[in-house]
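Below is one structure, written out as structure tokens; comments come after it.
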Amino acid sequence: MAVQERLPAGTILLCDSQAFGCAGAVFRVDPETGEPRTLAVGGDLQGATGLAFEADGSLLISKDRFFPGTGALLRLPAGTGTQTEVSSGQKFATPGDVAVEADGQILVADSFALGSGAVIRIHPATGDQSVVSPGEGQGDPPPRPVKLCTAPDGTILVVEQAMAGGGDHSARVVRVDPATGARTTVTSGGELRSPIGVAVDGDGGILVADANAFAGFGGGVISVDPVSGAQTTVASGGGFVAPQALAVEADGSILVTDNEALDGVGTLFRVDPATGAQQVLASGGDFRRLTGVAVVPAAAG
């Protein structure tokens, strides 16, 4: 589906791994009205897992191998809905999320790459892959990288979980040095059970969406101090059932997807970061399994 104009800053993008009879799709959502429109559908979008923007406005989409095809990284160039493949195969097993570094290099969190999971760097032009940091592989089962984002200082923030359900007390947030791959635990345990989304707010604070936090009562959004690792509840309960992906808008509002909310229809919430108040921005319709959310940034310069 062709897009005739560059998307306005602030437009919300959602990827859905199972929309339109499991064809997969990318939706654009008006941030004022919550009205969704289909941006792209089908092709290799079945199994889409995460979204990120490149500097020129092109959209990157990670795709899981457990759907037809192989683990892959896709690009929708700015101004068009045409899908192109950036990279596939090689070290990919189950790409779960994507982020972009300041120099344009692309990062993917893959839960099963190299056996114990890894953060993989992809060259944006050639698609060549290199391992930034492998998972530790310790524990039974070991925590695996599931989502990631970049911090203001260029380090990589990764949420890891043992994928053992709501009782997982080994869940953690890890900081990875982009040059050496050295890993440092920022926070672990506490309310973290099944962290499945991570973003950084305007002040550099770390935000984590956890599907089973707070003893499994609806999950929630947790703020993590990037220095001390202290955890603070931003929002929990309410309409949440199993929060998943999250992103931050320019005004600091937090966007959270939840596929179990409102009787199991894909839902996009907007959360007030100060009060934790939840607003349903978009829900139902063609949504089936929302796996990633991103906000169109303002054009550079």
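The values are calculated or read from the model by the stated rules, or taken from the named source; none is laboratory data. For clarity, every value in this text was computed on a predicted model and none was experimentally measured. With ideal geometry, Cβ positions are generated from the backbone for all residues, glycine too; neighbour counts draw on all protein chains shown. Note: accessible area is taken over every heavy atom of the protein model, side chains too, but ligands, DNA and RNA are not part of it. Shrake-Rupley method; radii C 1.70, N 1.55, O 1.52, S 1.80 Å.
Observations on the model:
- Enumeration of residues in region 105-151 that are among the hydroxyl-bearing types (Ser, Thr, Tyr), part of a loop (DSSP other than H, G, I, E, B) and more than 20 Å from the chain's Cα centre (by Cα): Thr126
- Residue check, Thr33 farther than 22 Å from Glu101 by Cα, hydroxyl-bearing (Ser, Thr, Tyr) and open to solvent by 50 Å² or more (accessible area, probe 1.4 Å): yes
- Pairing residues of region 196-215 that are under 13 Å from Glu249 (Cα atoms) and open to solvent by 20 Å² or more (accessible area, probe 1.4 Å) with residues that are small (Gly, Ala, Ser) and not in a strand (DSSP E or B), at Cβ distances under 7 Å and at least 6 apart in sequence or on separate chains, gives Val200/Ala151; Asp201/Gly252; Gly202/Gly252.
- Residues in region 19-36 that are assigned to a loop (DSSP other than H, G, I, E, B) and without any contact (Cβ under 8 Å) to a residue 24 or more places away in the chain: 4 in all.
- For region 211-241, a residue qualifies if it is closer than 24 Å to Ala294 by Cβ, in contact with a Leu (Cβ under 8 Å, 6 or more places away or on another chain) and modelled with pLDDT of 95 or more, and the qualifying residues are Val221, Ile222, Ser223, Val224, Val234.
- Candidates Ala40, Ala55 - the one that is open to solvent by 40 Å² or more (accessible area, probe 1.4 Å), small (Gly, Ala, Ser) and modelled with pLDDT under 95: Ala55
- Within the set Thr70, Thr49, the sole residue that is under 16 Å from the mean Cα position of the chain (by Cα) and either modelled with pLDDT under 90 or buried (at least 21 other Cβ atoms within 10 Å of the Cβ) (or both) turns out to be Thr49.
- Any hit, region 152-160, residues being among the aliphatic types (A, V, I, L, M), in contact with a strand residue (DSSP E or B) (Cβ under 7 Å, 6 or more places away or on another chain), in a loop (DSSP other than H, G, I, E, B) and open to solvent by less than 10 Å² (accessible area, probe 1.4 Å): no
- If the condition is being surrounded by fewer than 21 Cβ atoms within 10 Å (Cβ to Cβ), within 17 Å of Gly218 (Cβ to Cβ) and hydrophobic (A, V, I, L, M, F, W, C), then region 264-288 contributes Val265, Ala277, Val280.
- Residue check, Gly285 touching a residue at least 60 places away in the same chain (Cβ under 8 Å), on the phi > 0 side of the Ramachandran plot and not in a strand (DSSP E or B): yes
- Within region 19-29, being touching a strand residue (DSSP E or B) at 6+ places or on another chain (Cβ under 9 Å) and open to solvent by 60 Å² or more (accessible area, probe 1.4 Å) holds for one residue alone: Phe20.
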